């Protein structure tokens, strides 16, 4: 009597094979789980891809991309200081004292204006009585619609609020201007000093480090901003220059760490 | 985590396999007890303890790495409306006036993003000439002090300004109605606007007086001039014109009247060159070892009581030389002067007379008769109009001790209806506190303008805190005809109010400090400036420049009146010990007592930090069997005053003199008990119930209408107690201890010194013999410094040891304060220290001060021993310290021959958010376990380089100034690019006086020094060699 059980062909070799298969399947599943779980994993302090939600849904794609506003218009400190600096609210007011609606509404406004213009061209020179009632009605509708567009956009309201202004852009009594709490996207550790002025005046484009910001609705960190990434660029720039003109980008430690 | 546990349960991963193997090995180890006896360790196939720990350890470490995904969310707050001219992240400098003491030096306030960070001297200022002392530079610590008063107090409780004003105005009205008197006490006020505001406030009352009480009074000088020249004034001493300078006790390089100005002026005549080998001759007579004495060509120890005799003798000698007839008989050899002193005085008189019109005699004596003698000597020497300016007198000390004494009498009569005290701690600074308290009790209205609850403020009914300097508008007129503006550089942080506004309000005028200053300038300052036209333009120009020259007020000075000279009094031999009260360079006034930078700044001579002490000469200490740190009881029987303080043995001090520093023991310094790191063996900086140091003001006394800072008949008693001093004197010594030194190498030529006579013959006199081959090199020349090669030259003949550079460095480089206990353990963090060397027995042959900082050696010994390359050489010759690489082996510090590396034994406290505003954002705050040291202000080099590159111009000589160099009142430090053949540093390196410390080690330091030259004849040199 070799066994009390009917599965007499259950040899140790067979058992081992089953175990191996089970283990391999297990390994496959766990690895795939691990890989998917670790996809977000990166080296400490590597923030590449970080795109926090901002207090105002400011779109660089719209301003720098579609409207082609130069980076330095708002980030004017970049050529003068180590910080590019987030512009103060009064910089926004250079345009948004006049542009008070959202971009879609502005487009709508333009469309309405065009339509009105077309209609008016049609009725131009005609006596009042000859204008069809339908056209009159359409003109009135257009007028009403554009009135409705005068309300500032929700996002701009946050800006006006920070400056202590009401919807009519008049100062609210007793309200002092407050900073907008923007969330920093590019956080270098405190032991690194990156100087914008040095790079911008040497001819490094903003996009070299910040990526195609003009295509981003919400800014995200484009490069890894790791030390290796910095040093490689410094070496390369010293060898090849920037835009054909020679530069000396030092790789001494204390250039950035002091 | 779940995945990881799953992983563990099915896949024996590599790490765990290794662990399992280890376990098996352990099992087979015959020396180990059998695991079977330990039920927890038996491998039963399931999850036993060991496996659990393995799995947990592995998964925790993975989870930790996985958790490092994102740095914390950071908020960036831009200005809502950017002030014009402010660029985020860029330092801007505003011209202002230092309010650290009444010297009123020119100040450049470095502000960044709206907060003042760095105080620098204003190079264009006619008095301070770019220098700024340690106290002036430590202002940020006092500005960002969370423990100062942020709101007014009534009866010790916070109250609103409205309520307080109502009550004070009502009280003042009743004072006026009852025709009681009003007394306003302050330290010297150099601000013309504040003076005018006080005068107009006091004008409301029938009997009102403004009384000036200085922390250290110079009342006798003013009184003497009132008698000899008919006008109570402090002359403006022009040290830069003095070829022979004799000082009786005046510590003009350290604390006396205007030390920064005097240091700059003194230095002008102390630099001999090959073409012009001349320098001034400086003789110092003093009892204790002062900073000035330590820099003198000749220093003579005297008792304060002998001073009068010496002055009489000197005056007689000079009178003979000048052919002036004295009514009193000359004592050619006074009995009390020992032979040496007599001949010495003859010699000094001759030298003074030879340099007629170019010589100067100074004294800090508070005896009016002595000051009259000084005036007489200066008169005979023709100093008035030459080295002493009476036409533009100084306003830096206006204290009137006679009036202070009168005030104490007035208070006792009970006729004083209101007592207002500003910028001085009345009860702390005056002796006999008990009777003073009693007298104050009679006054119905007591107002203090103190910034914190000091001793007097805690007695005052109302405390109306003044703004800190840098928070308010003000001005200053340190010298008649030189007026400077002080502008605010940040908004007041608390609900404090400018004293100008408070006084105006109580005189029924509601004006802002800005309006008050402008109104005074429009009405009183503008008319004194004949060239000025439009007020606004005048104001704007002055504001930008910081100061303006005006026509001096007409000072009525009459010719020297000899009749006030009193015949010599018969000299009495003093009894017991003489006590000399003085102030430390780091602590000139009690209002700086809350400044941790200043408390931890070693005294330039004794090198003691955190508190005062009693100093005694080595002979007497040996005689009495006293050791350093023994607590002594100092007793002045006639004043019923005693104090217990630890002993410091001070070479160079007169054998019968004891010296104690004033301005310690201030109320509120209990706060420093917990300063420094918290750990098991930490001891508090201040013992429970104690303060930093003890108040020695109890030994002051009034005599003949002036407050005296010395007294005789003081006795000494040893107590059983001992207190270890927090002195940095022997820390980081770079001398070879004599017992381990090889034969002939015991004396290292760290300080090289020569005499003017020897220098004239051979400019390289005093150089150490070179016993090594400077060409020999162990290392290949593989560090070409093509671009720049930064270096520094420090002129030891200019350096006085005033320690301003130490605070400049601390402020610039975020150097932490460690507390007294850590200082005792040799763990102070100053990157720049000043080594003090005594020459000869009892410092008889002089004292030398040597700033010692990282020498940035080309063959740096620290670099070769660092196992992790945390200290490396830059392509510009800098020895770089990389904090992030450092693992804290401290090999580098051990291998550093100059002992300039500092280790962060702890995470030094940075939890005071307000105080953190004083941190320089360009410099990393170091954490525990890393080494740090002087970086030659590499952040400033980078800043200047970027600015030059952005402007498209090469970096010019002088574009980079290190913090220590910028602030140096003596302009002793030259920094620059040694590759630039036209630079100042290149010229300095060609100076025949140049040498490098420990040159024989061939580490090739980038820092070199210029040899000390003392104005002595060669005889001294030979004596020394013998």
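Checked against the criterion of being surrounded by 14 or more Cβ atoms within 10 Å (Cβ to Cβ), in a loop (DSSP other than H, G, I, E, B) and either in the same structural domain as residue B:367 (by TED's automatic domain parsing) or out of contact with any strand residue (DSSP E or B) (no Cβ under 6 Å at 6 or more places or on another chain) (or both), region B:530-539 has at least one qualifying residue. Residue A:204 passes every criterion in (1) under 25 Å from residue A:67 (Cα atoms); (2) in a helix (DSSP H, G or I) apart from (2). Does residue A:180 satisfy being at pLDDT 90 or above and closer than 19 Å to residue B:80 by Cα? When the stated conditions are applied, residue A:180 passes them. Among the residues of region B:573-598, those that are over 21 Å from residue B:289 (Cβ atoms) and in contact with a helix residue (DSSP H, G or I) (Cβ under 7 Å, 6 or more places away or on another chain) comprise B:590, B:592, B:593, B:594, B:595, B:596, B:597.
Checking B:102, B:61 one by one, the residue that is at pLDDT below 85 and either more than 9 Å from every other protein chain (Cβ to nearest Cβ) or in contact with a strand residue (DSSP E or B) (Cβ under 8 Å, 6 or more places away or on another chain) (or both) is B:61 and no other. Restricting the search to helices (runs of 4 or more DSSP H) fully inside region A:67-144 and requiring at least 3 residues that are more than 25 Å from residue A:196 (Cα to Cα) and away from chain B (no Cβ under 14 Å) gives A:103-123.
What number of residues within region B:952-965 are away from chain A (no Cβ under 14 Å) and assigned to a helix (DSSP H, G or I)?
Residues that pass the stated criteria total 2.
One residue stands out among those in region A:239-254 that are within 12 Å of chain B (Cβ to nearest Cβ) and in contact (Cβ under 8 Å) with a residue 12 or more places away in the chain: the one that is surrounded by the most Cβ atoms within 10 Å (Cβ to Cβ), which is A:249.
Touching a residue at least 40 places away in the same chain (Cβ under 8 Å) and surrounded by fewer than 16 Cβ atoms within 10 Å (Cβ to Cβ) - does that describe any residue in region B:685-694? So far as region B:685-694 goes, no, none of its residues is touching a residue at least 40 places away in the same chain (Cβ under 8 Å) and surrounded by fewer than 16 Cβ atoms within 10 Å (Cβ to Cβ). Meeting the requirement of 2 or more residues that are farther than 27 Å from residue B:428 by Cβ, the strands (runs of 3 or more DSSP E) wholly within region B:444-522 are B:474-479, B:482-486.
Give region B:931-951 a look and list any residue that's more than 9 Å from chain A (Cβ to nearest Cβ) and surrounded by fewer than 20 Cβ atoms within 10 Å (Cβ to Cβ), or say none. Answer for region B:931-951, where residues must be more than 9 Å from chain A (Cβ to nearest Cβ) and surrounded by fewer than 20 Cβ atoms within 10 Å (Cβ to Cβ): B:944, B:948. Take the conditions (1) within 14 Å of chain B (Cβ to nearest Cβ); (2) assigned to a loop (DSSP other than H, G, I, E, B); residue A:218 misses just one of them, which is (1).
The rows are residues; the columns are (1) outside any helix (DSSP H, G or I); (2) assigned by TED's automatic domain parsing to the domain that holds residue B:236; (3) farther than 30 Å from residue B:161 by Cβ; (4) in contact with a strand residue (DSSP E or B) (Cβ under 9 Å, 6 or more places away or on another chain).
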{"position": "B:362", "(1), (2), (3), (4)": "yes, yes, yes, yes"}
{"position": "B:373", "(1), (2), (3), (4)": "no, yes, yes, yes"}
{"position": "B:390", "(1), (2), (3), (4)": "yes, yes, yes, yes"}
{"position": "B:403", "(1), (2), (3), (4)": "no, no, yes, yes"}
{"position": "B:428", "(1), (2), (3), (4)": "no, no, no, no"}
{"position": "B:435", "(1), (2), (3), (4)": "no, no, yes, no"}
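Going through (1) within 13 Å of chain B (Cβ to nearest Cβ); (2) in contact (Cβ under 8 Å) with a residue 60 or more places away in the chain; (3) more than 11 Å from the chain's Cα centre (by Cα) one by one, residue A:204 falls short only on (2).
Condition (residue is within 24 Å of the chain's Cα centre (by Cα), assigned to a helix (DSSP H, G or I) and closer than 30 Å to residue B:275 by Cα) applied to region B:966-977: is it met by at least one residue? Before the answer, list the steps.
Just the residues of region B:966-977 that are within 24 Å of the chain's Cα centre (by Cα), to begin with: B:966-975.
Keeping just the survivors that are assigned to a helix (DSSP H, G or I) gives B:966-967.
So of that shortlist, the ones also closer than 30 Å to residue B:275 by Cα come out as B:966-967.
Yes, region B:966-977 has at least one match.
Considering the conditions (1) outside the structural domain of residue B:429 (by TED's automatic domain parsing); (2) over 31 Å from the mean Cα position of the chain (by Cα); (3) assigned to a helix (DSSP H, G or I); (4) buried (at least 17 other Cβ atoms within 10 Å of the Cβ), residue B:563 is excluded by exactly one of them, (4). A single member of A:171, A:181 is within 14 Å of chain B (Cβ to nearest Cβ) and without any contact (Cβ under 8 Å) to a residue 60 or more places away in the chain, and it is A:171.
The values are calculated or read from the model by the stated rules, or taken from the named source; none is laboratory data. These numbers come from a predicted model, not from an experiment. Methodologically, a virtual Cβ is constructed for each residue, glycine included, from the backbone with ideal geometry; neighbour enumeration extends over all protein chains shown.
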